[in-house]
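What follows is a set of notes on a single structure, which appears directly below.
The values are calculated or read from the model by the stated rules, or taken from the named source; none is laboratory data. As the structure is a computational prediction, the values presented were derived from the model and not from experiment. As a convention, Cβ positions derive from the backbone with ideal geometry for all residues, glycine included, and neighbour counts pool all protein chains shown. SASA here: full protein model, heavy atoms, side chains in, ligands and nucleic acids out. Shrake-Rupley method; radii C 1.70, N 1.55, O 1.52, S 1.80 Å.
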Amino acid sequence: MIRMFDQHKVRYQKELEGYWEFTKLQSKDELPKSYDQKLFVPGCWESNIQMIDYRGYGAYRKTITVDSTSNIRLSFKGVSHTADVYFDCKHVARHYNAFTEFSLVVPKVGEGEHEIVVIADNTFTEESALHIPNDYYCYGGLVKPVVLETIADVYIKNVSFTPGFSNGKWSSNIEIVLDNISNKSYKLKAAVFLDDETVVSKNDNEWVELLPSSQTVLKFSKDFEDVREWNAKSPSLYMLDVRLFESEKEAPIDDFIERVGFRTVSVEENRILLNGKPVFIKGFNRHEDFASSGCSIPMQLAAIDMDLMKDMNANSVRTCHYPNDERFLDMCDEQGIFVWEENHARGFSLEQMLNPNFEKQCEDCISEMITSHYNHPSIIIWGILNECASETPQGRRMYEKQFAQIKSMDKSRPVTFATCRHFKDICLDLVDIVSVNIYYGWYGEEQCLEEIEASYLKELQWISSTEGNGKPVIISEFGGGAIYGYHSPARCKWSEERQYDILKNTLSVYLNRPEICGAYIWQFADCRVPDEKWGIIRPRTMNNKGIVDEYRRPKLSYSVVKEYFGYKQA
Ligand code: ADA
């Protein structure tokens, strides 16, 4: 499955799903001469029992047949964590980061058989500033779909839809990025439809000339009558169908269909507003990790997660700590689940943030995340740099720079970051929403409700003394560990009983404080961690703070989460 809806009726598109030839590699310096096995794509190579903890390089090979000379576009939705792509043995792309998609175009590919080879690399090296041994697993392989398209000399590279509401009316700004990959000029125009309504007809706009090897952006604005809003209870969606015409042909030469929603997000005093009305965020931190399928989660399994989160009366998910699968975001759009999506960063010290590749890798991740996920109405918050060095001036400079980058790409959503630099953070003036990760009763020694309340009030006093004063506050992480099936009358740590107690006490505080507008439990499901550095402090080499385990088996605390989230009106 490429998306939860058809993105093209004109452009030819095919997912290259299935077995690819595969071989491990000792080096990335040359292409393999032979392949000794087959791996299923999309998938993690760790799902193959012989590679359950393989950290290295692997080459995937697929042969395609082209019926007539065509411009071939390949999109890789997720290669973990670094990809080198070769087309007929020629290097055509390199991409870093498992959590953002990338694409490439090979123009004028002749009729016949052609070879695609992708070398995936999940090693930890100085070059990789974001994928490091961390409290989640860095899998390897072509972990998300690979899509082959044939495109015209000029194609629609991207479409963005920005809804707005003022003076009782809905409006939208639509931007269409065109890319001329040829050495010819073309005269072009677009037509835009929203479901059955014509937004921009072919006769409404002039022909635009696009020079060879160049891009341009067509911009349209439109007011709309009697629109169905997108919100949690009725997440109405519309198909935005953009068609591209060139002056010599009657039929469209390309199309790009997005699924959009009319909603606004804003912050007013200490509340988050959706369509002008306050909402309370109650949800989970969710790693993309599902038992033996790892980070390559088929949509049937993602739907199980969605069902379980909704069964526990959650209305939101935080994509800790990286951009998520666009198909899961499609599900959130359809189910009215709010999303806090964030760039790829977890717990970097200042020294790690000063890795020479860190800032560029963050910048690329933010750009790719917002470019490809901008149109999801479910995304209501952009986050960055979870628990990084926000207590230092050098760290602050990077937070400032990344927030500025987000705001330059998207002014329609509030921004935040989850801090653990309590009582010393110097970046709370940079955010629209203050978010804190606090583990009372797990990392802290609080034993009862009163002690948790006392610790929370100290945190609140600190926030009120900073530039975060008066802003909405989200408890972005809280919870405790429980090993599935471990029960203890002593209700000791790692027992399901202790996790139940921690969540009961913390939820009863966080869901009932007037200054708090949201709470994300850490975490939805247990997830794998690397043996390296983390194995010794994570029983089963798993982060066991899930409310369900890696097979989605509910722990004792499932019932208290369901009960307390159920009481809380969103
Ligand atoms: C941090 C971090 C999470 C996870 C959590 C934990 O808050 O943001 O990714 O590591 O701690 O389980 O301790």
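Each residue in segment 459-487 was checked for being within 16 Å of the ligand (Cβ to nearest atom) and either within 27 Å of the chain's Cα centre (by Cα) or open to solvent by less than 10 Å² (accessible area, probe 1.4 Å) (or both), and 10 of them qualify. Criterion applied to Ser378, Ser390 was being farther than 30 Å from Ser234 by Cα and outside the structural domain of Tyr238 (by TED's automatic domain parsing), and the one residue passing it is Ser390. Residues that are of a type in the set (A, V, I, L, M, F, W, C), loosely packed, with under 15 Cβ neighbours inside 10 Å and away from the ligand (no atom under 16 Å from the Cβ) do not occur anywhere in segment 498-520.
Residue count for segment 317-346 under the criterion of being aromatic (Phe, Trp, Tyr) and open to solvent by 10 Å² or more (accessible area, probe 1.4 Å): the result is 0. Listed by first and then second residue, the pairs linking a residue in segment 217-240 that is modelled with pLDDT of 95 or more to a residue that is hydroxyl-bearing (Ser, Thr, Tyr) and open to solvent by 50 Å² or more (accessible area, probe 1.4 Å), with Cβ atoms under 9 Å apart and 6 or more places separating them unless they lie on different chains, are Arg228/Ser234.
Any residue in segment 405-414 that is assigned to a loop (DSSP other than H, G, I, E, B), of a type in the set (Ser, Thr, Tyr) and within 16 Å of the ligand (Cβ to nearest atom)? No, every residue in segment 405-414 fails to be assigned to a loop (DSSP other than H, G, I, E, B), of a type in the set (Ser, Thr, Tyr) and within 16 Å of the ligand (Cβ to nearest atom).
Only one of the numbered conditions (1) within 16 Å of the ligand (Cβ to nearest atom); (2) at pLDDT 95 or above; (3) part of a loop (DSSP other than H, G, I, E, B); (4) over 22 Å from the mean Cα position of the chain (by Cα) is violated by Cys388, and that is (4). Candidates Glu368, Glu450, Glu445: the one that is within 16 Å of the ligand (Cβ to nearest atom), surrounded by fewer than 22 Cβ atoms within 10 Å (Cβ to Cβ) and either of a type in the set (D, E, K, R) or not in a strand (DSSP E or B) (or both) is Glu445.
Has segment 167-190 got at least one residue that is farther than 26 Å from Glu246 by Cα, among the aromatic types (Phe, Trp, Tyr) and surrounded by 14 or more Cβ atoms within 10 Å (Cβ to Cβ)? Taking every residue of segment 167-190 in turn, at least one turns out to be farther than 26 Å from Glu246 by Cα, among the aromatic types (Phe, Trp, Tyr) and surrounded by 14 or more Cβ atoms within 10 Å (Cβ to Cβ).
What do you reckon, is Tyr155 within 16 Å of the ligand (Cβ to nearest atom) and either open to solvent by less than 10 Å² (accessible area, probe 1.4 Å) or of a type in the set (Ser, Thr, Tyr) (or both)? Spell out the reasoning first.
On the way: within 16 Å of the ligand (Cβ to nearest atom): no; either open to solvent by less than 10 Å² (accessible area, probe 1.4 Å) or of a type in the set (Ser, Thr, Tyr) (or both): yes.
Judged against the criteria, Tyr155 is not a match.
Of all the listed residues (Glu459, Glu497, Glu450), the sole one being at pLDDT 95 or above, closer than 22 Å to Gly566 by Cβ and charged (D, E, K, R) is Glu497.
For every residue, the table says whether it meets (1) open to solvent by less than 60 Å² (accessible area, probe 1.4 Å); (2) closer than 30 Å to Tyr238 by Cα; (3) of a type outside the set (Lys, Arg).
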residue	(1), (2), (3)
Ser34	no, no, yes
Ile52	no, no, yes
Tyr57	yes, no, yes
Arg73	yes, yes, no
Gly78	yes, yes, yes
Ala83	yes, no, yes
His91	no, no, yes
Phe102	yes, yes, yes
Lys108	no, no, no
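The set of residues in segment 380-402 that are touching a strand residue (DSSP E or B) at 6+ places or on another chain (Cβ under 7 Å) and open to solvent by 10 Å² or more (accessible area, probe 1.4 Å) contains only Glu387. Do the conditions hold for Ala314, that is, is it in contact with a strand residue (DSSP E or B) (Cβ under 7 Å, 6 or more places away or on another chain), within 16 Å of the ligand (Cβ to nearest atom), open to solvent by less than 20 Å² (accessible area, probe 1.4 Å) and of a type outside the set (Val, Ile, Thr)? Considered against the rule, which asks whether it is in contact with a strand residue (DSSP E or B) (Cβ under 7 Å, 6 or more places away or on another chain), within 16 Å of the ligand (Cβ to nearest atom), open to solvent by less than 20 Å² (accessible area, probe 1.4 Å) and of a type outside the set (Val, Ile, Thr), Ala314 comes out as no.
Taken over segment 504-540, the criterion of being touching a Pro at 6+ places or on another chain (Cβ under 7 Å) and outside any loop (DSSP other than H, G, I, E, B) is satisfied by Cys517 alone.
Among the residues of segment 479-499, the one identified as among the aromatic types (Phe, Trp, Tyr) and over 22 Å from Asn285 (Cα atoms) is Tyr486.
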